[in-house]
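First the structure, in the form of structure tokens, and then the observations on it.
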Amino acid sequence: MSPFVAEPEYLRAQRSFLPAMDLGLVTFADLHPGVSAEERMRNLLEEAKLADDLGLKIFAVGEHHRPDYLVSSPATALAAIAAVTTQIRLSSAVSVLSSDDPVRVFQQFAHVDLISGGRAEIMAGRGSFIESFPLFGYDLGDYDELFAEKLDLLLAIRDSERVTWHGKHRPPLEGVGVWPRPVQDPLPIWIAVGGSPESVVRAATLGLPLALAIIGGQTARFRPFVDLYRHTWDETGQTGEPRVAINTHAFVAPSRREADAAFASSYLALMNRIGRERGWPPSGRTEYDALASPSGPLAIGSPEEVAAKIVAVHEMFRPERYLAHISIGAVSHHDVMRAIELFGTQVAPIVERETAASATTSAKA
């Protein structure tokens, strides 16, 4: 039987009354020739500070262990960001939990939570790159088992100050205390997925929020994953409401022409570089335009065009969060900052107005 089950009518109705979306940003802090790691770190802090000043709700930083991305330790970067921001929530995107120690992950994010006054979150995932596995001495043959086991330990640490735990890939813990404890109790942990039904089911079964990244194909193709998540949430008797975040690539400029001029070549260069590593066919303007079409996930263009794409995401998935991945490849810092400013000052108000109107219409219906 297919893992994608038809969503019950009452769940579809329930989704109509979810609150309007929070908007935020995701970055991998890409490195490229001409920009030093030190300069990129300064740029990263400026991006986060601007997002905070504009009232955006989430700023998330990815973990990579490659020469083309800056951040190998999201908690370290987020701690620096916490010190220069006041209200924006701070998350990894993702923490590659499979190749890390859950004790240290929890301790590090507890520190971010303390520095930020209770704004830290962990977005845990298996990672779309594999460099961290040989780096830290893990066998890729244990890819799935490592994540399941380490997530189990991370949740045990989150739920209890003293932990007794036994597993296969790490020495056991016998009544061991894990400190410091964060401001938030519990510390929020999201499960990040890119299109695995098993990961979706795991998130729902554990009662954890789901963050779904959509970077290729047609957006509607990912709707069954969210339906499966909500169905499993209900079937497994979870308390509270299922929480969903959607992440796509995005870029904003005064017009579509200006957005393409600043973004398209860098975006395609990045996607083709990664594609060569993974055996994907080359991408060109045809593929780019398909991603930017109404049925594709790339939100690019003027504030009105980007807002329309995000509102369509809201109508399709009813998420509580939408995260825009704006800083991609070799796009200049100046253009990224302008895009963030437009996202916060022009896109966000349109999305808020349109989603509020949609919620009102649904409530009346």
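Pairing each residue of the stretch 294-305 that is in contact (Cβ under 8 Å) with a residue 40 or more places away in the chain with any residue that is part of a loop (DSSP other than H, G, I, E, B), provided the two are 6+ apart or on different chains, yields C-beta distances under 6 Å for 295/218; 302/255.
For the stretch 214-257, a residue qualifies if it is free of Cβ contacts under 8 Å to residues at least 40 places away in the same chain and under 24 Å from residue 187 (Cβ atoms), and the qualifying residues are 229, 232, 233, 236, 237, 238, 239, 240, 242. Consider the stretch 178-200. How many of its residues are open to solvent by 50 Å² or more (accessible area, probe 1.4 Å), farther than 17 Å from residue 245 by Cβ and not charged (D, E, K, R)? So the answer is 3. Which residue out of 274, 326 is of a type in the set (A, V, I, L, M, F, W, C), over 19 Å from residue 222 (Cα atoms) and without any contact (Cβ under 8 Å) to a residue 24 or more places away in the chain? That would be 274, the only listed residue that is of a type in the set (A, V, I, L, M, F, W, C), over 19 Å from residue 222 (Cα atoms) and without any contact (Cβ under 8 Å) to a residue 24 or more places away in the chain. If you check residue 303 against the conditions, is it at pLDDT 95 or above and buried (at least 16 other Cβ atoms within 10 Å of the Cβ)? Taking the combined requirement at face value, the residue satisfies it. Listed conditions (1) surrounded by fewer than 20 Cβ atoms within 10 Å (Cβ to Cβ); (2) on the phi > 0 side of the Ramachandran plot; (3) not aromatic (Phe, Trp, Tyr) are all met by residue 127, apart from (1).
For the stretch 173-191, the criterion of being closer than 29 Å to residue 294 by Cα and in contact (Cβ under 8 Å) with a residue 12 or more places away in the chain is met by at least one residue. Checking each residue in the stretch 167-221 for being more than 22 Å from residue 120 (Cα to Cα) and assigned to a helix (DSSP H, G or I) picks out 197, 198, 199, 200, 201, 202, 205, 219, 220, 221. Screening residue 132 against (1) surrounded by 16 or more Cβ atoms within 10 Å (Cβ to Cβ); (2) touching a residue at least 60 places away in the same chain (Cβ under 8 Å); (3) closer than 18 Å to residue 58 by Cα; (4) not aliphatic (A, V, I, L, M) leaves a single unmet condition, (3). When you check residue 223 against the structure, is it under 19 Å from the mean Cα position of the chain (by Cα) and open to solvent by 40 Å² or more (accessible area, probe 1.4 Å), yes or no? Yes, satisfied. Within the stretch 144-166, the residues that satisfy the criterion of being open to solvent by 60 Å² or more (accessible area, probe 1.4 Å) and under 19 Å from residue 124 (Cα atoms) are 144, 145, 152, 159.
Can you confirm whether the stretch 9-20 contains a residue that is among the aliphatic types (A, V, I, L, M), over 23 Å from residue 334 (Cα atoms) and at pLDDT 95 or above? Checking the stretch 9-20: not a single residue is among the aliphatic types (A, V, I, L, M), over 23 Å from residue 334 (Cα atoms) and at pLDDT 95 or above. Looking only at residues of the stretch 90-113 that are part of a helix (DSSP H, G or I), open to solvent by 10 Å² or more (accessible area, probe 1.4 Å) and in contact (Cβ under 8 Å) with a residue 60 or more places away in the chain, we find that the one that is farthest from residue 45 (Cα to Cα) is 103.
Within the set 175, 137, 117, the sole residue that is open to solvent by less than 40 Å² (accessible area, probe 1.4 Å), at pLDDT 95 or above and on the phi > 0 side of the Ramachandran plot turns out to be 175. I'd like the residue in the stretch 329-365 that is modelled with pLDDT under 95 and of a type in the set (Val, Ile, Thr) and, out of all such residues, is least open to solvent (accessible area, probe 1.4 Å). Filtering first and then ranking leaves 355.
Do we have any residue at all in the stretch 89-101 that's at pLDDT below 95 and more than 26 Å from residue 24 (Cα to Cα)? Looking for residues that are at pLDDT below 95 and more than 26 Å from residue 24 (Cα to Cα), one finds none in the stretch 89-101, hence no.
Condition check for residue 130 on (1) in a strand (DSSP E or B); (2) closer than 26 Å to residue 200 by Cβ: one failure, at (1). Determine whether residue 282 is of a type outside the set (Asp, Glu) and touching a residue at least 40 places away in the same chain (Cβ under 8 Å). Considered against the rule, which asks whether it is of a type outside the set (Asp, Glu) and touching a residue at least 40 places away in the same chain (Cβ under 8 Å), residue 282 comes out as no.
For the stretch 292-307, the count of residues that are in a strand (DSSP E or B), aliphatic (A, V, I, L, M) and either farther than 20 Å from residue 348 by Cα or within 22 Å of the chain's Cα centre (by Cα) (or both) is at least one.
Just give me the residues in the stretch 308-330 being within 20 Å of the chain's Cα centre (by Cα), of a type in the set (A, V, I, L, M) and closer than 18 Å to residue 28 by Cα, in sequence order. Of everything in the stretch 308-330, those that are within 20 Å of the chain's Cα centre (by Cα), of a type in the set (A, V, I, L, M) and closer than 18 Å to residue 28 by Cα turn out to be 323, 324, 326, 328.
If you check residue 263 against the conditions, is it outside any helix (DSSP H, G or I), of a type in the set (A, V, I, L, M, F, W, C), touching a strand residue (DSSP E or B) at 6+ places or on another chain (Cβ under 7 Å) and buried (at least 16 other Cβ atoms within 10 Å of the Cβ)? So residue 263 does not fit the description; no.
The values are calculated or read from the model by the stated rules, or taken from the named source; none is laboratory data. Remember, predicted model here, so these are calculated numbers, not experimental data. For neighbour counting, all protein chains shown are included, and Cβ atoms are generated from backbone atoms with ideal geometry for every residue, glycine included. Calculation scope for accessible area: heavy atoms of the full protein, side chains included, ligands and nucleic acids excluded. Shrake-Rupley method; radii C 1.70, N 1.55, O 1.52, S 1.80 Å.
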